[in-house]
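This report refers to the structure that appears directly beneath it.
The values are calculated or read from the model by the stated rules, or taken from the named source; none is laboratory data. These numbers were taken from a predicted model, which means no experiment stands behind them. FYI the Cβ positions are ideal-geometry reconstructions off the backbone, even for glycines, and counts take in every protein chain you see.
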Amino acid sequence: MPFPSDNDPDLEVERLIADEFKRQITGLQLIASENFTSPAVMRAVGSVLTNKYSEGYPGKRYYGGNQVVDSIEAIAIERVKTLFGAEHANVQPHSGANANMCAYQALMKQGDTVLGLSLDHGGHLTHGSPVNASGMLYNFIPYKVKPGDERIDMEQVRDLAHEHRPRLIVTGTTSYPRRIDPEPFKIIADEVGAYFLYDAAHLAGLIAGGVYPNPVPYADVVTFTTHKTLRGPRGGCILSKAVHQAAIDKSVFPGWQGGPLEHVIAGKAIAFREAMAQSFKDYAKQIVVNASALASALANEGFRLVSGGTDCHLMVVDLRPFDAELTGKEAQAVLDLAGITLNKNTVPDDPRSPFVTSGVRVGTASVTTQGMKEAEMTQIASLIARALRGRADEGTLAQVKADVASLCAAFPAYPNL
Ligand code: DSN
């Protein structure tokens with residue numbers, strides 16, 4: 001039986017997908033949580049696996065016909081355990097936010113106390129924001145970065161842990177540019193009898209590539225997304241100690257989710273294998289080298305880097321020394337017009353609201369996938385500064401956009417697509 005779209009493709013949507021492809025490859029993608037996944041991953045995500053229902057886990061499904069799916073999910077589980085040295089893995093979370101909520105439910109009961117990094121100091125919505133279910137279901141106590149060096153204040157973490165005796169301590173970030181050492185968190189968690197959860201969403205690719213400390217030996221549970229520095233399909237994953245296996249699996253299904261997205265799990269399996277390659281280790285190293293080069297170049301253009309720089313794939317740029325009137329909101333909009341995509345971001349103790357902000361967040365995972373290196377980071381900093389300085393002039397923005405397109409044409413994300 002023909003499908004309605006066989007002879008009547010939805011050209012409106014097809015054209016928009018083509019437009020998005022063009023936007024991605026002709027502009028600079030500097031959103032720190034994005035990347036270009038591989039054609040092999042995209043083939044898996046667009047495969048017939050999307051047709052299959054497979055509630056449950058390999059060997060224990062509620063529906064028939066899961067022989068092939070079982071093999072795929074089992075491969076994904078084994079690969080990710082090997083990649084990070086984990087005792088247990090659940091590859092079903094649809095997203096990082098889901099992964100966190102599933103982990104919380106596995107480790108706590110409603111109303112329990114948790115320590116988490118404040119959102120405006122680099123944490124995540126699911127680390128206790130009052131507008132997120134995490135903040136509604138659990139009693140989150142925020143810790144912050146120190147005002148001087150803008151690094152996580154470990155003395156405050158210890159003090160708060162001893163004062164509040166939390167059930168869980170969460171670390172991991174979305175806009176914190178510095179290295180997080182997992183061992184001190186584990187020591188503090190042990191002092192107060194708390195579990196330790198590390199949200200490695202942003203950092204998974206750097207950890208897999210061996211250029212960032214691996215929290216798996218220290219944490220009870222590690223959650224992450226597969227589409228950021230890890231460069232896989234959009235989705236989440238949970239690693240844990242064997243002792244938490246049953247609780248984690250029960251919390252994911254039937255606790256929070258129904259049918260797993262096996263087409264995405266196939267993409268995760270492919271990405272985990274890609275991340276084992278030497279070329280991925282080289283890639284992860286170059287992401288960090290590029291971030292450091294971009295941070296220095298932006299500082300030379302007159303911007304202030306929160307904490308003075310970066311140890312990972314991202315930096316938070318305080319716009320105020322560059323131009324006291326320029327907000328993150330305006331910078332994001334202006335740079336969009338110039339083909340440079342990034343996002344507004346609060347700086348620690350930002351006087352402006354999260355919808356306006358005094359900063360932007362910049363990441364180097366995507367441009368590094370394109371093959372750009374330190375010299376191109378200097379060019380990118382110059383393009384950003386030119387666009388922002390000349391933001392009142394349409395001609396300047398058009399010229400920067402043309403220069404951005406030329407740079408991207410020299411480093412195609414998908415040379416064969
Ligand atoms: N939205 C992601 C980010 O940009 O960091 C976090 O969930």
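Give Pro130, Pro147 a once-over and let me know the one that is part of a loop (DSSP other than H, G, I, E, B), closer than 22 Å to Val347 by Cβ and in contact (Cβ under 8 Å) with a residue 40 or more places away in the chain.
Pro147
Here Ile187 fulfils each of the conditions (1) crowded, with 18+ Cβ neighbours inside 10 Å; (2) modelled with pLDDT of 95 or more apart from (1).
The number of residues in the stretch 135-175 that are touching a helix residue (DSSP H, G or I) at 6+ places or on another chain (Cβ under 9 Å) and more than 28 Å from Asp311 (Cα to Cα) comes to 9. Determine, yes or no, whether Lys81 is in a loop (DSSP other than H, G, I, E, B) and surrounded by fewer than 23 Cβ atoms within 10 Å (Cβ to Cβ). Spelling it out, it is not the case that Lys81 is in a loop (DSSP other than H, G, I, E, B) and surrounded by fewer than 23 Cβ atoms within 10 Å (Cβ to Cβ).
For the stretch 300-318, which residues satisfy the criterion of being more than 16 Å from the ligand (Cβ to nearest atom) and in contact with a strand residue (DSSP E or B) (Cβ under 6 Å, 6 or more places away or on another chain)? First the steps, then the outcome.
Start the filter on the stretch 300-318 by keeping residues that are more than 16 Å from the ligand (Cβ to nearest atom), which leaves 300-305, 307-309, 311, 318.
Scanning the stretch 300-318 gives Phe303, Arg304, Leu305, Asp318.
The rows are residues; the columns are (1) within 16 Å of the ligand (Cβ to nearest atom); (2) modelled with pLDDT of 95 or more; (3) surrounded by fewer than 24 Cβ atoms within 10 Å (Cβ to Cβ).
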position: Ala200; (1), (2), (3): yes, yes, no
position: Leu203; (1), (2), (3): yes, yes, no
position: Pro213; (1), (2), (3): no, yes, yes
position: Ala219; (1), (2), (3): no, yes, no
position: Lys228; (1), (2), (3): yes, yes, no
position: Gly232; (1), (2), (3): yes, yes, no
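The listed residues are Val41, Val68, and the only one of them that is in a helix (DSSP H, G or I), surrounded by 19 or more Cβ atoms within 10 Å (Cβ to Cβ) and at pLDDT 95 or above turns out to be Val41.
For the stretch 155-177, a tally of residues being more than 16 Å from the ligand (Cβ to nearest atom) and either surrounded by fewer than 15 Cβ atoms within 10 Å (Cβ to Cβ) or not β-branched (Val, Ile, Thr) (or both) returns 13.
Output the residues belonging to the stretch 337-346 that are out of contact with any Gly (no Cβ under 7 Å at 6 or more places or on another chain) and either modelled with pLDDT under 95 or within 16 Å of the ligand (Cβ to nearest atom) (or both). Show your work before the answer.
In the first step, residues of the stretch 337-346 are kept if they are out of contact with any Gly (no Cβ under 7 Å at 6 or more places or on another chain); the result is 337-338, 342-343.
Within the stretch 337-346, Leu342, Asn343 qualify.
Asp282 meets the conditions (1) crowded, with 17+ Cβ neighbours inside 10 Å; (2) over 23 Å from Asn51 (Cα atoms); (3) acidic (Asp, Glu) in every case but one. The failed one is (1). Just one of the numbered conditions (1) within 22 Å of Val216 (Cα to Cα); (2) in contact (Cβ under 8 Å) with a residue 12 or more places away in the chain; (3) surrounded by fewer than 19 Cβ atoms within 10 Å (Cβ to Cβ) is not true of Asn300: (1).
Matching residues to (1) without any contact (Cβ under 8 Å) to a residue 60 or more places away in the chain; (2) out of contact with any His (no Cβ under 6 Å at 6 or more places or on another chain); (3) more than 16 Å from the ligand (Cβ to nearest atom); (4) under 30 Å from Phe280 (Cα atoms):
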| site | (1), (2), (3), (4) |
| --- | --- |
| Asp6 | yes, yes, yes, no |
| Leu11 | yes, yes, yes, no |
| Leu30 | no, yes, no, yes |
| Val41 | no, yes, yes, yes |
| Gly46 | no, yes, yes, yes |
| Gly56 | no, yes, yes, no |
| Tyr62 | yes, yes, yes, no |
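Which of the residues belonging to the stretch 121-154 are away from the ligand (no atom under 12 Å from the Cβ), at pLDDT below 95 and surrounded by 16 or more Cβ atoms within 10 Å (Cβ to Cβ)? Within the stretch 121-154, just His121 meets the criteria. Taking the stretch 69-120 as the range and being more than 16 Å from the ligand (Cβ to nearest atom), in contact (Cβ under 8 Å) with a residue 60 or more places away in the chain and among the polar types (S, T, N, Q) as the test, the residues that pass are Thr82, Asn90, Gln92, Gln105. Of everything listed in (1) in a loop (DSSP other than H, G, I, E, B); (2) surrounded by fewer than 23 Cβ atoms within 10 Å (Cβ to Cβ), the single unmet condition for Ala409 is (1). Scan the stretch 320-328 and tell me whether some residue there is in contact (Cβ under 8 Å) with a residue 60 or more places away in the chain and crowded, with 21+ Cβ neighbours inside 10 Å. No, the stretch 320-328 contains no residue that is in contact (Cβ under 8 Å) with a residue 60 or more places away in the chain and crowded, with 21+ Cβ neighbours inside 10 Å.
What do you reckon, is Asp220 more than 23 Å from Ser292 (Cβ to Cβ) and without any contact (Cβ under 8 Å) to a residue 24 or more places away in the chain? No. On inspection, Gly395 does not qualify as without any contact (Cβ under 8 Å) to a residue 60 or more places away in the chain and under 22 Å from Ser358 (Cα atoms).
Consider the stretch 387-401. How many of its residues are surrounded by 14 or more Cβ atoms within 10 Å (Cβ to Cβ) and either part of a helix (DSSP H, G or I) or among the hydroxyl-bearing types (Ser, Thr, Tyr) (or both)? Working first, answer last.
Within the stretch 387-401, the first condition is being surrounded by 14 or more Cβ atoms within 10 Å (Cβ to Cβ), and the residues that meet it are 387-391, 396-397, 399-401.
Okay, now just the ones that are also either part of a helix (DSSP H, G or I) or among the hydroxyl-bearing types (Ser, Thr, Tyr) (or both), so 387-389, 396-397, 399-401.
Residues that pass the stated criteria total 8.
Every residue, every condition in (1) within 24 Å of the chain's Cα centre (by Cα); (2) of a type outside the set (Val, Ile, Thr); (3) surrounded by fewer than 18 Cβ atoms within 10 Å (Cβ to Cβ), yes or no:
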{"residue": "Pro354", "(1), (2), (3)": "yes, yes, yes"}
{"residue": "Arg361", "(1), (2), (3)": "yes, yes, no"}
{"residue": "Ser366", "(1), (2), (3)": "yes, yes, no"}
{"residue": "Thr369", "(1), (2), (3)": "yes, no, no"}
{"residue": "Glu374", "(1), (2), (3)": "yes, yes, yes"}
{"residue": "Met377", "(1), (2), (3)": "yes, yes, no"}
{"residue": "Ala385", "(1), (2), (3)": "no, yes, no"}
{"residue": "Asp403", "(1), (2), (3)": "no, yes, yes"}
